[in-house]
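Have a look at the structure below before the remarks.
The values are calculated or read from the model by the stated rules, or taken from the named source; none is laboratory data. As the structure is a prediction and not an experimental result, all values here were calculated from the model. Backbone-built Cβ (ideal geometry, glycine too); neighbour counts: all protein chains shown. Ligands, DNA and RNA are stripped out before the accessible areas are found, and what is left, the full protein with its side chains, is counted by its heavy atoms. Shrake-Rupley method; radii C 1.70, N 1.55, O 1.52, S 1.80 Å.
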Amino acid sequence: MRPEIVVVGQLMPTLMEALERDYVIHRLDDAAGGDALLAKIGPRVRGLATTGHVGCTAALIDALPKLEIVSCFGVGVDAVDVDHARARGVIVTNTPDVLTDDVADLAVGLLIAVVRGIVAGDRYVRDGKWLTGRMPLMRKVSDGLVGIVGLGRIGRAIAHRVEALGARIAYYGRRRYGDVDYPFYDDLVALARDCDFLILSAPGGADTRHMVNRDVIEALGPNGALINIGRGSLVDEPALVEALVSGRLGGAGLDVFEDEPHVPEALFALDTVVLQPHVASATVQTRQAMADLVAANLRAHFSGERPLTPLG
Ligand code: 8YV
C-alpha cells in the first residue's frame with residue numbers, strides 16, 4: 001500500500017507528479033493544522049512535503065500522530081517547527097547544496113548591481129536621460145571589503161566568487177572556522193563599520209531575527225551597501241527602509257523581505273536599491289534539483305533507508 005502523505009502549499013508540478021506516483025496525497029491549504037480534513041486523514045499520514053516558505057507548525061505535526069518525516073523544499077527551514085519535530089522523533093529534511101551556486105550567483109549579482117548602479121543605469125538609458133548628461137559616478141566593488149554574515153555553504157560560495165572579483169572578505173557568524181583565512185568578527189557592528197558591503201547569508205529563525213538592527217545599518221553607513229539573500233527576518237526592515245530613504249545607508253540589494261510578497265513601497269522610488277521577488281534559487285535547473293531532492297528524501301525514508309539530506 002502506498003504511504004499517505006500531506007502536501008502543504010504549492011509544490012512544483014513535476015514534483016507533484018513524482019509524489020503522486022508513490023503516495024496517496026492529501027493537500028492542505030496551510031500549515032496551521034486547523035484543517036477539517038486533518039481529523040479524518042491525520043491518523044494515517046506518515047509523511048509531509050512542504051515549502052520553505054509555508055513550512056509546518058507544531059499544531060500540524062500534532063495533528064499527524066504517525067508522522068515520520070517532513071521533507072522541505074528549500075534549504076531554510078525556519079518556517080518548520082524543527083524543535084517540535086525533533087521532540088516527536090520526526091525527521092526533517094531540506095534541500096542544501098543543490099541551490100548553493102544559484103544563490104551565491106544572485107548575491108554577487110546584486111552586489112555588483114547595487115554598487116555599480118546597473119539597474120539605475122538601465123533606467124537612465126531607457127528614460128532618455130543619457131541624452132541630457134552622464135550618470136553620476138558609482139563606487140568600485142573590487143577593492144572593497146565584503147563582510148559575509150553566515151559562512152555556511154552559501155556564504156562560502158559567495159566568498160569564492162567575491163575573491164575572484166579581487167575584493168577582500170571578512171565574516172561574522174556563530175563561530176570562527178579553522179579552515180578559512182578570512183578575518184572573523186564576533187561583533188556584527190564592528191564588521192559593518194569596517195566593511196564596505198555586507199552580504200547576509202545566515203539562516204532565519206528566532207536566533208537571528210533582526211541581527212541587522214539600526215546600529216549595524218548605521219555602522220555600514222552612507223557609502224555602504226547591504227545585500228540580503230538569506231531571510232527578511234534577519235533585518236529590522238523599518239530601520240533599513242528609513243536609513244535608505246534618508247541616505248544614511250548607501251544602497252541595498254534585497255531578494256528577501258519580512259512579509260513576503262509585501263515589499264515596503266518606500267523602496268520603489270529609490271535608485272540605490274535593487275529588489276528581487278525571492279528568486280535566488282529560482283532557475284529551471286536548481287528548482288528541479290530541489291524537487292528531485294524532496295522526492296528522493298521521502299523515497300529513501302519509505303524504503304527503509306536514511307534520507308539523503310536530514311537536518312543534523
Ligand atoms: C526557496 C529558499 O525559494 O531554500 C530556501 O531557503 O528560500 C528558496 O530557495 C523557498 O524555500 C521555497 O519555498
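What to note about this one:
- Residue within region 259-278 that is open to solvent by less than 20 Å² (accessible area, probe 1.4 Å), touching a residue at least 12 places away in the same chain (Cβ under 8 Å), within 30 Å of Thr93 (Cβ to Cβ) and touching a helix residue (DSSP H, G or I) at 6+ places or on another chain (Cβ under 8 Å) present: no
- Within region 238-285, if we keep just the residues that are of a type in the set (Gly, Ala, Ser) and assigned to a loop (DSSP other than H, G, I, E, B), the residue that is nearest to Val115 (Cα to Cα) turns out to be Gly250.
- Residue within region 248-257 that is in the same structural domain as Gly117 (by TED's automatic domain parsing), away from the ligand (no atom under 15 Å from the Cβ) and open to solvent by 10 Å² or more (accessible area, probe 1.4 Å) present: yes
- Subset of region 65-108 [within 11 Å of the ligand (Cβ to nearest atom), assigned to a helix (DSSP H, G or I) and either open to solvent by less than 20 Å² (accessible area, probe 1.4 Å) or farther than 29 Å from Ile158 by Cβ (or both)]: Thr100, Val103
- For region 40-64, the candidate set comprises residues that are open to solvent by 50 Å² or more (accessible area, probe 1.4 Å), assigned to a helix (DSSP H, G or I) and in contact (Cβ under 8 Å) with a residue 12 or more places away in the chain; within that set, the residue that is nearest to the ligand (Cβ to nearest atom) is Ala59.
- Check on Leu198, open to solvent by less than 50 Å² (accessible area, probe 1.4 Å), more than 15 Å from the ligand (Cβ to nearest atom) and either of a type in the set (Phe, Trp, Tyr) or in a loop (DSSP other than H, G, I, E, B) (or both): no
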